[in-house]
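Input: a single structure, listed below in structure tokens.
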Amino acid sequence: MCSRLFEKLWVLSFFILLLFPQEAQSHVFRLYSDTNEETKERIIIDLAPPRFSVEYSGEYHGQLAAHIRFMMDTDQDGIVSSKEERLFTKDYQQMWFRKTDKQILNIDGVNYHIEFNQCTFPDLKKSNLIDPLFVKMRFQIDDLQISPPNQTNNHMLEIGQRLLFQFGQQFIEMSKTRAAFTNEQENAIGRFFQVKIHATDNIKFTQCYPGYINRRKNMISGIFFDETSARIQFLPYPKISASFMVIDE
């Protein structure tokens, strides 16, 4: 009798796993393209002294996308003109810098301020109000100072807590002040962040937090997921830190 009961329980467990496979998976292992959050943000950082660049790709869905378009379309004619896009981008840039000033990048105790190079909205003219909204941004530093190669000396890289997480949050804050986006709507937003830090071949990462280092030691990958953007406002922003060596090849 016990063996039959065990067999029935085993079969039941097998079908439960087939029917509910996601229960055994964590959000952090999902791919960017597979997520269904309202905001999906991919950030690629390139460490290539003396240059440091940040490439941001954002994808916004649902009511947030509609509110951003509403803010851009200042004459409310249903079309976002090139001029309206430029004015909105300028406002976004100014507000972003006010939020992130002095919280950008630190290497070996030296603070660097990043330049806002570009902001574009691909397919904005072709999309409808209810379509996903895409945004691409680029930021860059051109004067990183790192000491010559030294096998025994680790350099320390720290990226400010608000730098990576302020991109999408700035759109939410602007929508609340300019387009009647409510706290209830904000609380319902799910956000997904995927971050990668690439380095040139002569740079090898030795430690990082959070995230993990690849086998070649020249890339850090990390995923940050939260059910609502509201929780991000109450929790500490995770500071990304990494140590690395510059080596001769």
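The values are calculated or read from the model by the stated rules, or taken from the named source; none is laboratory data. Note that the structure is predicted; figures quoted are calculated from it, not measured. FYI the Cβ positions are ideal-geometry reconstructions off the backbone, even for glycines, and counts take in every protein chain you see.
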Note on segment 73-92: residues among the hydrophobic types (A, V, I, L, M, F, W, C) and closer than 17 Å to Gln118 by Cβ are Leu87, Phe88
Mind checking whether some residue in segment 160-168 is over 25 Å from Ala66 (Cβ atoms), assigned to a strand (DSSP E or B) and either modelled with pLDDT of 80 or more or not charged (D, E, K, R) (or both)?
no
Conditions: (1) under 17 Å from the mean Cα position of the chain (by Cα); (2) farther than 15 Å from Lys176 by Cα; (3) not β-branched (Val, Ile, Thr). Leu64 meets all but one. Number of the miss?
(2)
